[in-house]
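The values are calculated or read from the model by the stated rules, or taken from the named source; none is laboratory data. Just so it is clear, the structure is predicted and the values come from calculations on it, not from any experiment. Cβ placement follows ideal geometry from the backbone for every residue including glycine, while neighbour counts extend to all protein chains displayed.
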Ligand SMILES: *[C@@H]1O[C@H](CO)[C@@H](O)[C@H](O)[C@H]1NC(C)=O
Ligand SMILES: *[C@@H]1O[C@H](CO)[C@@H](O)[C@H](O)[C@H]1NC(C)=O
Ligand SMILES: *[C@@H]1O[C@H](CO)[C@@H](O)[C@H](O)[C@H]1NC(C)=O
Ligand SMILES: *[C@@H]1O[C@H](CO)[C@@H](O)[C@H](O)[C@H]1NC(C)=O
Ligand SMILES: *[C@@H]1O[C@H](CO)[C@@H](O)[C@H](O)[C@H]1NC(C)=O
C-alpha cells in the first residue's frame with residue numbers, strides 16, 4: 001500500500017501543466033477499467049508449468065485458451081506507449097522443459113531474470129506487467145518462490161505487476177492453496193485473478209484479468225480502487241487513482257490547490273477525490289484506518305455556484321455524481337460559509353460526512369483525498385506522470 005503524504009517526499013516542487021481536453025463523460029458511477037482488449041498495452045509473461053503433471057492434454061488446453069485470449073489483443077513488440085503505440089507484448093517462461101514461444105519481449109529466461117525485472121525501479125518504461133501462471137503441480141519450487149520475489153519488489157504495491165493463475169490440476173489441494181496465496185490481495189482479504197482451466201468462462205476471465213492488469217496507477221500517483229462488482233459477483237479494479245495528501249499547517253486556501261500543488265512532491269494530483277458508492281466509501285474508510293491521523297479529511301464534494309452539491313472529476317469538471325452520500329444526521333448544514341465536505345469519525349467505526357469551510361485555515365482540516373488519471377487499455381493521459389519521473 002502506497003499512501004503519499006505531502007512533505008515526506010522532498011525532492012522537487014513542481015506543478016504540471018494542464019493541457020488535456022475535457023473528457024466528455026459524466027460521473028455517475030466509479031469508472032470501470034477499459035474492457036477493450038484490442039487497445040491493450042500490457043506486457044504479459046506466461047509462466048507455464050511443464051512438469052510431468054502438466055501432460056499433453058493439459059498443455060493443449062492451455063494453448064487453446066492462450067490462443068483464444070491473445071487473438072483479441074494487439075500482439076507486437078513495440079513498447080512505445082508514449083508515441084501512442086498500443087501493443088501487447090508476450091514472453092514465455094517454462095518451469096521444466098521447453099515450450100513453444102509465442103513472442104518474446106525481453107530476455108526473461110529463468111528465475112534470476114524474473115527477479116531482475118522485478119527489482120528494476122522502472123520496469124519496461126512503466127508498462128504494466130502481468131504474470132500468468134499455468135500450474136499443474138505443487139512441487140516446482142518456483143510456485144512457492146513467486147510470492148517472495150514479488151514482495152521483495154515494490155512493484156506489487158502500486159499495481160504495476162498483476163499476478164494471474166490458471167489451475168490445471170484442481171484435485172491437488174496443495175497447488176490450489178499455493179495459487180490462492182499467490183493471488184491473495186490483503187486489501188480485500190481474498191484472492192483475485194485465480195482461475196481454473198476447467199471453468200467454462202476461462203477465456204473471458206483471462207481476457208478480463210489482463211485488462212485489469214493494464215489498469216494501473218503510475219508510480220506514486222495513487223492506487224486503483226478495488227471494489228466489489230455485484231453484477232459480476234467478484235472484486236475488480238476500477239479506473240481511478242486516489243490517495244491521501246497530508247499537510248502540516250495550511251499551505252492553501254482551497255481544496256483544489258491542496259491536491260494540485262503538493263509541495264516537495266514530484267507528482268501532484270489532478271483533483272480532490274470522489275466517492276460514488278458505498279463500496280468506494282468502505283475502501284477509503286479502510287485506507288484511512290491504516291493511519292487514523294488522516295482523519296478528518298476533505299473529499300471533493302462541494303457546493304457549486306448554483307448551490308448544488310457536486311463532485312470534481314479528475315479533469316476538474318463538475319458532476320452531480322451517482323446520488324450516493326453519507327451525511328451525518330443534520331448535515332449538510334445550510335450555511336454558505338461551509339461549501340466543502342470532510343469525512344470524520346469519532347470512534348473509528350462510524351464514518352460520515354459534514355460540510356465545513358473550503359478554506360482549511362477555517363476548517364482546520366489539513367488532509368485530503370486526491371486523485372489522478374488512471375492508465376488502462378484506452379486511457380494514456382497518465383503517461384505524463386511517467387514523463388515527470390524520468
Ligand atoms: C477498442 O479499441 C480499438 C483500438 O484503439 C478501437 O479501434 C475501437 O474502436 C475500440 N472499441 C470500442 C468498442 O470502443
Ligand atoms: C480463488 O481463491 C478464493 C479464496 O482466496 C477461493 O474461494 C476460490 O475458490 C478460488 N478460485 C479458484 C477458481 O480456485
Ligand atoms: C458557497 O456557495 C454559495 C453558492 O452556493 C456562494 O454564494 C458562497 O459565496 C459560497 N461561500 C464561500 C465562502 O465561498
Ligand atoms: C451546479 O450543479 C448542478 C447539478 O450538477 C448543475 O445542474 C448546474 O449546472 C451547476 N451549476 C453551475 C453554475 O456549475
Ligand atoms: C473529527 O472528529 C474528532 C473526534 O471526534 C473531533 O475532535 C474533531 O473536531 C472532528 N473534526 C471535524 C472537522 O469535524
- Note on the structure: Residue set 242, 209; condition away from ligand 5 (no atom under 16 Å from the Cβ), buried (at least 21 other Cβ atoms within 10 Å of the Cβ) and not assigned by TED's automatic domain parsing to the domain that holds residue 381; output residue 209
- Task: State yes or no: is residue 312 more than 16 Å from ligand 2 (Cβ to nearest atom) and within 22 Å of residue 283 (Cα to Cα)?
- Result: yes
- Task: Could you grab the pairs with beta carbons closer than 6 Å, sequence gap of 6+ or different chains, first residue in segment 177-196 and on the phi > 0 side of the Ramachandran plot, second one away from ligand 1 (no atom under 16 Å from the Cβ) and part of a strand (DSSP E or B)?
- Result: 193/164
- Item | The lone exception for residue 250 - which of (1) in contact with a strand residue (DSSP E or B) (Cβ under 7 Å, 6 or more places away or on another chain); (2) surrounded by fewer than 19 Cβ atoms within 10 Å (Cβ to Cβ) it fails | (1)
